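Q: Please see the structure below; I have some questions.
The values are calculated or read from the model by the stated rules, or taken from the named source; none is laboratory data. In this text, all values refer to a predicted model and were calculated from it rather than measured experimentally. So basically every Cβ, Gly included, is an ideal-geometry build from the backbone, and we count neighbours across all protein chains shown. All accessible areas refer to the heavy atoms of the entire protein, side chains included, with ligands and DNA or RNA removed. Shrake-Rupley method; radii C 1.70, N 1.55, O 1.52, S 1.80 Å.
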Amino acid sequence: MAAIHYADQRFELEPGQSVLDGLTGQGVPVPSSCRAGVCQTCLMRSTEGTPPTAAQHGLKDSLKARNYFLACVCHPTQDLRVVLPDAEEDRQTATVRGLDLLGGGIMRVALECHAPLDYRPGQFINLFQGTGQVRSYSIASVPGLDDHIHLHVRRLAGGRVSGWVHGELRPGQTVTIQGPAGDCYYPSGTPGQPLLLIGTGSGLAPLYGIVRDALAQGHCGPIRLYHGSRAPEGLYLAEELRALAQRHAHFDYIPCLSGPDAPEGYAQGRVHEVALRDNPKLDGWRIFFCGHPEMVKLGKKKAFLAGAALRNIHADEFTVGPATEPGA
Ligand SMILES: Cc1cc2nc3c(=O)[nH]c(=O)nc-3n(C[C@H](O)[C@H](O)[C@H](O)COP(=O)(O)OP(=O)(O)OC[C@H]3O[C@@H](n4cnc5c(N)ncnc54)[C@H](O)[C@@H]3O)c2cc1C
Ligand code: FES
């Protein structure tokens, strides 16, 4: 089996074990969050040995070229000598400029970055809590339309970082962020392509950014946004989205309720099922899924079966995992 060399020590990996599990299991503090190769919190660099390509999925080319990899999905077939990234790698500080409750337990966090952040609406950043926890949050703002970076953070019962955002974070406070990352954003160059956007809960955050970005860039093909929740209060920003739909004839906003009864103005059913029922033929469409991991998995499968090409399906699963603290 491959071995990992870290800080002058050799760590044997058990069959099937990732570099992250191998190191943290033997007491090495490696930060992590999703443990699914999405959030990039567990970024490491190999100084000897080539990391598997699969462990570099989603990384910027500049990071791949320097042998960075994601430890949680790295199953090396050869020995690697590894280091943690420089603390400053891809990180910067930002000042909290606004905290607004949007409804449905969602807090909009407005951040003013201390250096320009080159992002696309719909990508995500990693937010560091003072004590060292790191979590990913999608970007709902649009450069040119919004002065600050906007995140939509849903409060989870017992959630450490979302609890901190809702309970302790204050305007004027400085936070550390990392990124942006992710490929869930509006690609320029196909203004007539039909767009279907499907999200649950705070999965609206990236979709809200993508829709407004597409409209701002003059997208002229149909844009259909389906937002799902169990109860009407979970469909935050509904008034803003209805107003946006009134102003743009080619944009439709369809709020969906998964409970047994849906009042007038709402579709009834699970959001991906409603969206796929309304739009059964998806060849040529570009589709975005964001939010609950199960919805995203099922939705992607159904979209593919409905004719969407894999390259046209973008998705961010909001994986909420048992996370380890750096140093824990
Ligand atoms: C790419 C990406 C984008 C995302 N974008 C967003 C976004 O825009 N908005 C958003 O709100 N979220 C988003 N998320 C999810 C976000 O990153 C966090 O996972 C989420 O906020 C929960 O973090 P937390 O620290 O509050 O909860 P955690 O402390 O991680 O806890 C998560 C859940 O597990 C439970 N739990 C914690 N510890 C234990 C334990 N020991 N045993 C049993 N249960 C436990 C908690 O009660 C809680 O319900 C995104 C995730 C990803 C991967
Ligand atoms: S990518 Fe490895 S912990 Fe998220």
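For every residue, the table says whether it meets (1) assigned to a strand (DSSP E or B); (2) more than 10 Å from ligand 2 (Cβ to nearest atom); (3) at pLDDT below 90; (4) touching a His at 6+ places or on another chain (Cβ under 7 Å).
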{"residue": "H5", "(1), (2), (3), (4)": "yes, yes, no, no"}
{"residue": "R10", "(1), (2), (3), (4)": "yes, yes, no, no"}
{"residue": "G22", "(1), (2), (3), (4)": "no, yes, no, no"}
{"residue": "V28", "(1), (2), (3), (4)": "no, yes, no, no"}
{"residue": "Q40", "(1), (2), (3), (4)": "no, no, yes, no"}
{"residue": "L63", "(1), (2), (3), (4)": "no, yes, yes, no"}
{"residue": "C72", "(1), (2), (3), (4)": "no, no, no, no"}
{"residue": "E89", "(1), (2), (3), (4)": "no, yes, yes, no"}
{"residue": "Q92", "(1), (2), (3), (4)": "yes, yes, no, yes"}
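Q: Just a yes or no: is a residue in segment 199-207 more than 27 Å from A267 (Cα to Cα) and open to solvent by less than 50 Å² (accessible area, probe 1.4 Å)?
A: No: segment 199-207 contains no residue that is more than 27 Å from A267 (Cα to Cα) and open to solvent by less than 50 Å² (accessible area, probe 1.4 Å).
Q: So, one more: If only one of Y185, Y226, Y236 is touching a helix residue (DSSP H, G or I) at 6+ places or on another chain (Cβ under 9 Å), aromatic (F, W, Y), open to solvent by 10 Å² or more (accessible area, probe 1.4 Å) and in contact (Cβ under 8 Å) with a residue 12 or more places away in the chain, which one is it?
A: On the way: Y226 fails: open to solvent by 10 Å² or more (accessible area, probe 1.4 Å); Y236 fails: open to solvent by 10 Å² or more (accessible area, probe 1.4 Å).
Only one candidate passes the filter, namely Y185.
Q: Give me the residue from segment 208-223 that is open to solvent by less than 10 Å² (accessible area, probe 1.4 Å) and not in a helix (DSSP H, G or I) and, out of that set, farthest from ligand 2 (Cβ to nearest atom).
A: Taking the candidates together, the pick is G221.
Q: Could you check T95 against (1) touching a helix residue (DSSP H, G or I) at 6+ places or on another chain (Cβ under 7 Å); (2) more than 15 Å from S202 (Cβ to Cβ) and say which number it fails?
A: (1)
Q: Which residues, taken from segment 94-131, are part of a loop (DSSP other than H, G, I, E, B), over 17 Å from the mean Cα position of the chain (by Cα) and of a type in the set (S, T, Y)?
A: T131
Q: Residues A55, A36, A7: which one is surrounded by fewer than 17 Cβ atoms within 10 Å (Cβ to Cβ), more than 16 Å from ligand 1 (Cβ to nearest atom) and among the hydrophobic types (A, V, I, L, M, F, W, C)?
A: A7
Q: Can you pull out every residue in segment 154-182 that is more than 16 Å from ligand 2 (Cβ to nearest atom) and surrounded by 20 or more Cβ atoms within 10 Å (Cβ to Cβ)?
A: Of everything in segment 154-182, those that are more than 16 Å from ligand 2 (Cβ to nearest atom) and surrounded by 20 or more Cβ atoms within 10 Å (Cβ to Cβ) turn out to be R154, S162, V165.
Q: When you scan segment 226-328 for strands (runs of 3 or more DSSP E) that lie fully inside it, which ones turn up with 3 or more residues that are within 16 Å of ligand 2 (Cβ to nearest atom)?
A: Once the strands (runs of 3 or more DSSP E) in segment 226-328 are filtered for at least 3 residues that are within 16 Å of ligand 2 (Cβ to nearest atom), what remains is 313-317.
Q: Which residue is farthest from the chain's Cα centre (by Cα), if the candidates are limited to segment 140-164 and must be more than 8 Å from ligand 1 (Cβ to nearest atom) and hydrophobic (A, V, I, L, M, F, W, C)? Walk me through it before giving the result.
A: Start the filter on segment 140-164 by keeping residues that are more than 8 Å from ligand 1 (Cβ to nearest atom), which leaves 141-150.
Those still in the list that are hydrophobic (A, V, I, L, M, F, W, C) too: 142, 145, 149.
Working: V142: 16, L145: 21, I149: 14 Å.
Of everything passing the filter in segment 140-164, L145 is farthest from the chain's Cα centre (by Cα).
Q: Can you name every residue in segment 245-282 that is open to solvent by 20 Å² or more (accessible area, probe 1.4 Å) and under 23 Å from D213 (Cα atoms)?
A: Answer for segment 245-282, where residues must be open to solvent by 20 Å² or more (accessible area, probe 1.4 Å) and under 23 Å from D213 (Cα atoms): A245, Q246, R247, H248, A249, H250, D252, Y253, I254.
Q: Taking the options R311, R242, name whichever one is surrounded by fewer than 15 Cβ atoms within 10 Å (Cβ to Cβ), basic (K, R) and within 22 Å of I106 (Cα to Cα). Working first, answer last.
A: On the way: R311 fails: within 22 Å of I106 (Cα to Cα).
Being surrounded by fewer than 15 Cβ atoms within 10 Å (Cβ to Cβ), basic (K, R) and within 22 Å of I106 (Cα to Cα) holds for just one of R311, R242, which is R242.
Q: Please specify each residue of segment 44-91 satisfying the condition of being over 21 Å from Q123 (Cβ atoms) and either without any contact (Cβ under 8 Å) to a residue 12 or more places away in the chain or of a type in the set (S, T, Y) (or both).
A: Listed by number, the residues that qualify are S46, T47, T50, T53, T77, D86, A87.
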